[in-house]
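Okay, structure first, notes after.
The values are calculated or read from the model by the stated rules, or taken from the named source; none is laboratory data. What you are looking at is a predicted structure, and each value in this text was computed from that prediction instead of being measured. We place every Cβ from the backbone using ideal geometry, glycine too, and count neighbours over all the protein chains shown. The area values use the complete protein model at the heavy-atom level, side chains included, leaving out ligands, DNA and RNA. Shrake-Rupley method; radii C 1.70, N 1.55, O 1.52, S 1.80 Å.
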Amino acid sequence: AKEQTLVVFELDDICDSATGRALTGAWVWDSALVLAEWLAAAQDQLEFSLRGKFVIELGAGAGLPELAAARIGASRAVLTDVGALIPRLRKNVEANGLGDRVEVSELVWGSDESGGRAGPDFRRVLRRGGDGGAGEDAEEGV
């Protein structure tokens with residue numbers, strides 16, 4: 001298989017304006033690296049394929065897993081995170097030439113307002129960390 005490279009920029013000095021704490025989405029997590037590598041390596045062997053699918057990442061941080069999903073064939077990816085991380089997410093999309101398939105949108109956890117157009121077309125949930133695994137079917141209406 002042909003090796004594919006993605007460019008991802010991290011941020012060193014960005015903090016939550018309310019708490020003063022570093023935003024965890026400012027850097028690439030190890031779990032994002034593992035998920036992106038697994039998606040690229042296993043795509044032809046998965047019982048589901050991301051090719052032609054819509055994917056979304058809630059709390060995308062640097063956006064690596066969804067950039068990888070778009071690179072390997074997802075027709076649309078939506079990266080969401082807090083406003084302070086949006087410019088860097090857009091920079092990562094642009095640096096990889098994926099603007100035709102990847103949308104960046106602000107989404108604040110617990111808020112009823114979102115600038116994105118994420119809707120019921122999303123049927124796969126890619127999760128890193130937590131208590132579940134990648135590739136779970138999304139619940140109807142989620």
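Taking the 1.4 Å solvent-accessible surface of the stretch 30-106 as the whole, the part contributed by carbon and sulfur is 51%. Here the ratio of the Cα radius of gyration of the stretch 30-106 to 2.2 N^0.38 Å is 1.02. Per residue, the accessible area of the stretch 11-57 comes to 66 Å² when a 1.4 Å probe rolls over the protein heavy atoms.
Each part reduced to its alpha carbon centroid, the stretch 88-105 and the stretch 56-82 end up 9 Å apart.
Here the stretch 30-106 is treated with +1 on each Lys and Arg Cβ and -1 on each Asp and Glu Cβ, and its dipole about the Cα centre works out to around 220 debye. If you plug the beta carbon distance of Ser75 and Ile14 into 1/(1 + (r/R0)^6) with R0 = 41 Å, you get a FRET efficiency near 0.85. With a cut-off of 16 Å on the backbone N, the residues of the stretch 59-89 near the modelled label site 7 Å out from Ser49 along Cα-Cβ are 69-76.
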